[in-house]
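The values are calculated or read from the model by the stated rules, or taken from the named source; none is laboratory data. Small disclaimer: the values here were computed from a predicted structure and weren't measured. FYI the Cβ positions are ideal-geometry reconstructions off the backbone, even for glycines, and counts take in every protein chain you see. All accessible areas refer to the heavy atoms of the entire protein, side chains included, with ligands and DNA or RNA removed. Shrake-Rupley method; radii C 1.70, N 1.55, O 1.52, S 1.80 Å.
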Amino acid sequence: MKGDWGPPRFNSQGVTMMSEVGIDDIAIHFPKLYLDMKDFAVMRDADYGKLNKGLGLSAMAIPDVHEDTATMGANAVTRLIDRNGIKPTQIGRMYLGTESALDGAKPTATYILDMLTQRYSGRFGQDCFRNCDVVDMTFACIGAVDALHNTLDWVARGGVEDDRIGIVVFSDNAKYDLESAGEYTQGAGGGALLIRHNPRLISIPDRWGVSTSPVHDFFKPRREVSIKSVISHVVQLARETGASIKEGMVERMVRHLPESTVRRMGIFSHGVDSVQVHRDEPVFDGQFSNQCYQDAVEEAFRDFRTKAEIDGRWDPEGGTVLTEDWARIIMHLPYAFQAKRMFPAVFAYERRGSASWDDVELEIGLPPNVADFDDTPDGQAEHMKALDAHRRRISKTQAYRDFHAERIEKGQRASSLIGNQYTGSIFLAMMSTFESDYEADSPLDNRQFGLCGYGSGAKAKVFEGVVSNRWREVVAGWNLFERMAGRMAIDQVTYEELHKGIHEGSVLKPRGEFALVEIEGEGVLEGARTYAWVE
């Protein structure tokens, strides 16, 4: 199947300049530290069986002191460049998908570019990345899929003769409050996709199903804290440490603030009454987010199927089931078993009305009808609960279990050992699938993959890929699972110190990687980050 990039273009000799475009190679970087879920279960008095057998969690990757979004992304790009012998001057575009940006204005991609320039300028010159277009793209966990979509278009528009090369970077630290309901779904990592014509791994036709809705299932707001509250907490801390604090001190400090040296120095300078605070930890509703994920993917799939029918890719009258054409299904995995638990809605939607599905519904019953529930918040909650119960019944049918085992399960394996990578989770699942199929010597040449990305807020994109007959030569160099086996487990004290940002020095000294060296504390460069390659 050729990528559908519009009418063919021809050179002066009448030879077509259009070809397939897609992912030529993938590189993943993950922290060398991890927290074993058995230890997490003991630490939080949680049910390890539920975490492991119910959600598929075995370990979560934890960034070291010298690691952040920029270093993880830069380390992945370096692996990709070195493995493929790419010259920096060949790379025309490097778009980063992240929801863990390091600055509100300066793109994290520029920090990555700075590190890459340090690493390669000795061989290729100080300006080796000067003409590379970089930007951050943010839409929760789907930002990297958006960056992929954009970069595919850019490479395709260049034509075969231009041989444009783009790199899509993804990097995130999935961090939740300690002892919160989302803590067990943490993880971290960065990665990079090499995008070019005639890819050796998988080509991606220009056909995308999209669903967007403005919901608040998961977000990271700019929170406001009153200055009086900050001072009150400091005074309370002073009391707890034994300091003698006079009554009314908080009120006197607040009254004095406008004329104080603290104000003149710039502290609390933005606004008299409050300061804005950004936190990496999100505000979220897990159950609602799962429902938004399911609804968005199902709607995006409907949109994709409509476009596939219009393009002649799929004929509904032919009696075929589109998802049966997909040898593998790659999905965003905020936890390992998310796809297993969420895809039954699409599975049932495609098969509903067939004789075989009628037999299934005799066994599990019909889906709940929204008209049977009150049009109130409580009624809607009951409807969602009933839908969730019906979805679980679908997931337990033999038909779905067989479907999942063949098409989805391999993508879970790496996620189980790393945890949530936010924007990179879908591509970690892709690597997990390809490497597992490589080890099993599966016949994937020219087979179709279905891909389903999701980002809270909320948006889903459904698209397809066609596996190249050269995929094995690419996957042979990954060694993903072998690399994960060489990580170091950490204990509760180390984990919580890293989480709070109070651990003194790196747990493992950086070696053969980029590292965060310094964050400027004051002056005109306050907050600027400095990085270096450590041999």
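Before moving on, here are some points about what is shown:
- In segment 115-134 there is no residue matching the filter, namely being open to solvent by 30 Å² or more (accessible area, probe 1.4 Å), at pLDDT 95 or above and under 16 Å from the mean Cα position of the chain (by Cα).
- Filtered residues of segment 202-211 (kept if under 16 Å from W326 (Cα atoms) and not in a strand (DSSP E or B)): I204, P205, R207, W208
- Of the set (1) in a loop (DSSP other than H, G, I, E, B); (2) over 30 Å from D280 (Cβ atoms); (3) of a type in the set (S, T, N, Q), all apply to S121 but (1).
- Unmet requirement for E520, which otherwise passes all of (1) surrounded by fewer than 12 Cβ atoms within 10 Å (Cβ to Cβ); (2) in contact with a Gly (Cβ under 8 Å, 6 or more places away or on another chain); (3) acidic (D, E): (1)
- Meets criteria (at pLDDT 80 or above, surrounded by 13 or more Cβ atoms within 10 Å (Cβ to Cβ), within 30 Å of E473 (Cβ to Cβ) and polar (S, T, N, Q)) for S289: no
- On inspection, M484 fails the criterion of being aliphatic (A, V, I, L, M) and open to solvent by 60 Å² or more (accessible area, probe 1.4 Å).
- Filter result for L193 (modelled with pLDDT of 95 or more and either polar (S, T, N, Q) or part of a strand (DSSP E or B) (or both)): yes
- The condition (being outside any loop (DSSP other than H, G, I, E, B) and without any contact (Cβ under 8 Å) to a residue 40 or more places away in the chain) is satisfied by just one residue among E518, E526: E518.
- Whichever residue in segment 405-416 is open to solvent by less than 60 Å² (accessible area, probe 1.4 Å) and in contact with a strand residue (DSSP E or B) (Cβ under 9 Å, 6 or more places away or on another chain) and, among such residues, is farthest from S58 (Cα to Cα): R407
- Every condition in (1) without any contact (Cβ under 8 Å) to a residue 12 or more places away in the chain; (2) in a helix (DSSP H, G or I) is met by N75 except one, and the failing one is (1).
- Within the set L148, L178, L116, L102, the sole residue that is over 30 Å from G54 (Cβ atoms) and in contact with an Asp or Glu (Cβ under 9 Å, 6 or more places away or on another chain) turns out to be L102.
- Matching residues in segment 182-199 - criterion: being more than 12 Å from the chain's Cα centre (by Cα) and within 16 Å of P334 (Cα to Cα): G182, E183, Y184, T185
- When residues of segment 78-99 are limited to those that are outside any loop (DSSP other than H, G, I, E, B) and touching a Gly at 6+ places or on another chain (Cβ under 8 Å), the one nearest to I426 (Cα to Cα): G97
- Among the residues of segment 19-72, those identified as assigned to a loop (DSSP other than H, G, I, E, B) and among the charged types (D, E, K, R) are E20, K32, R44, D45, D47, D64, E67, D68.
- Restricting segment 306-343 to residues that are under 16 Å from V466 (Cα atoms) and among the basic types (K, R), the residue that is surrounded by the fewest Cβ atoms within 10 Å (Cβ to Cβ) is R313.
- Residue, farthest from G73 (Cα to Cα), within segment 420-442, restricted to residues that are open to solvent by less than 10 Å² (accessible area, probe 1.4 Å) and not in a helix (DSSP H, G or I): N420
- Residue count, segment 222-240 (criterion: under 20 Å from E281 (Cα atoms) and either free of Cβ contacts under 8 Å to residues at least 12 places away in the same chain or open to solvent by 100 Å² or more (accessible area, probe 1.4 Å) (or both)): 2
- Qualifying residues in segment 150-176 (those that are part of a loop (DSSP other than H, G, I, E, B) and open to solvent by 50 Å² or more (accessible area, probe 1.4 Å)) - the one farthest from A61 (Cα to Cα): D163
- Total residues in segment 34-75 satisfying the condition of being in contact with a Leu (Cβ under 7 Å, 6 or more places away or on another chain), farther than 18 Å from A532 by Cβ and surrounded by fewer than 24 Cβ atoms within 10 Å (Cβ to Cβ): the figure is 5.
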